[in-house]
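Notes for the one structure printed next.
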Amino acid sequence: MARILNFGSLNLDQVYRVDAFVQPGETKSSRSLETHCGGKGLNQSVAAARAGAEVWHAGIIGCDGEMLYDKLNENGVNLSQIERSAAVSGHAIIQVDDKGQNCILLYGGTNQELTEDYIDRVLKAFGSDGLVLVQNETNLVGSVIERAHAAGLQVAINAAPMDEKVFSYPLEFVDWLIVNEIEGASIAKCTREDEILPTLAKRYPKMNVLLTLGKRGAICMRGSESAKSGIYPVKVVDTTAAGDTFLGYFLTEALDGKSLSDALALATVASSLCVQSMGAADSVPQRKDTLSALETGALGVCGEWGGWR
Ligand code: RIB
């Protein structure tokens, strides 16, 4: 069984429904406001747990974040290493428009309070069997990567949101890099999308890569194995956490020894189910529903991979 320790961000998502995103200098009214559990870290923990992995979540919950703990708990995530702080939790202000697209403003809050002592304690408790997952929404990401590798664990990073800090991380210790085309091009320092994978393979020979391409699908490589997939023609309500769902399902399947094409197939179904409902963690589908949609063809026919731009 896949075993994942996620040093993951935990956010309270304030989700505003709008007909179109607010523009500079503009004031506008939203149609609704909902608070959801989110954070790339929390969403990915929920996705991997629902996909069937054993998931431990490490992170710091603030004075206002009890619902984040409850959400992970109800999904069977191991919370023995969670800590609490009197400061406010991380949060995100999310606008969702009529096309289901979003734009997100983050405040780090307690996601920025990790310490090196804490990282060492958590790694000791988890042991040396499994994979450590990080995103770029917490502090000390580089230290987590370095220490996890030194402890004999595999390491995966979802380098999102992309910023300058990523260039300081020891990416040579990363076993799985999960990025979209903008993040991938930035890390590989490429101008053409079709150069991303070969450039990364040359620079980081032991790194496996999952490159997501939005509506064009995804492509991945693991050593000499590679696979690609398109997307299903479903009605999009809210894309929030679709990438996190994809990642959680894909990683769980890949760690369980599935072929890359099987892992992509299940992850594609899961994220297609995710975009059909509002919210972040709550829109991640359960494994049985994902398998059923794959087996019955309930989502229609999966399109061809959309190619490079
Ligand atoms: O990937 C979606 C997530 O990004 C949201 O839940 C939000 O909290 C931000 O971290």
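Any read-out appearing in this document is the output of simple, stated calculations on the displayed coordinates, not a laboratory observation. Just so you know, these numbers come straight off a predicted model, no measurement behind them. With ideal geometry, Cβ positions are generated from the backbone for all residues, glycine too; neighbour counts draw on all protein chains shown.
The relative contact order of the chain comes to 18 percent, based on Cα pairs under 8 Å that sit 6 or more residues apart. Computed from phi, the 3J(HN,Hα) profile of region 103-111 under the Karplus parametrisation 6.51, -1.76, 1.60 (θ = phi - 60°) reads 9, 10, 10, 9, 10, x, x, 5, 5 Hz, with x in place of Gly and Pro. All distinct Cα pairs of region 149-271 go into the 1/r average, and the inverse of that average, the Kirkwood radius, is 14.8 Å. A Cβ-based charge dipole, computed about the Cα centre of region 154-208 with Lys and Arg at +1 and Asp and Glu at -1, lands at about 200 debye. Entry note, the chain: the mean residue ellipticity at 222 nm calculated from DSSP H runs of n ≥ 4, each adding -39500 (n - 2.57), is -9500 deg cm²/dmol after division by the residues and rounding to the nearest 500. Local charge for residue 189 was computed over the other residues whose Cβ lies under 11 Å away, with Lys and Arg +1 and Asp and Glu -1, and equals 0.
Centre-to-centre, using Cα atoms only, region 1-34 and region 202-231 are separated by 27 Å. Normalising the average separation of contacting C-alpha pairs (under 8 angstrom, six or more residues apart) by the number of residues puts the relative contact order of region 42-165 at 18 percent.
For region 212-309, the relative contact order works out to 36 percent when only alpha carbon pairs closer than 8 Å and six or more residues apart are counted. Multiplying the residue separation of residue 18 and residue 191 by 0.36 nm and subtracting their alpha-carbon distance yields 58.9 nm. The charge dipole of the chain, taken about its Cα centre with unit charges on the Cβ of Lys, Arg, Asp and Glu (plus for the first two, minus for the last two), comes to roughly 560 debye. Taking amide H atoms as placed 1.01 Å from N in the peptide plane, the amide H of residue 7 lies under 5 Å from those of 58, 133, each 5 or more residues away in sequence or on another chain. At 0.890 mPa s and 25 °C, plugging the Kirkwood radius over alpha-carbon pairs of the chain into Stokes-Einstein gives what diffusion coefficient in µm²/s? After rounding, the answer is 127 µm²/s.
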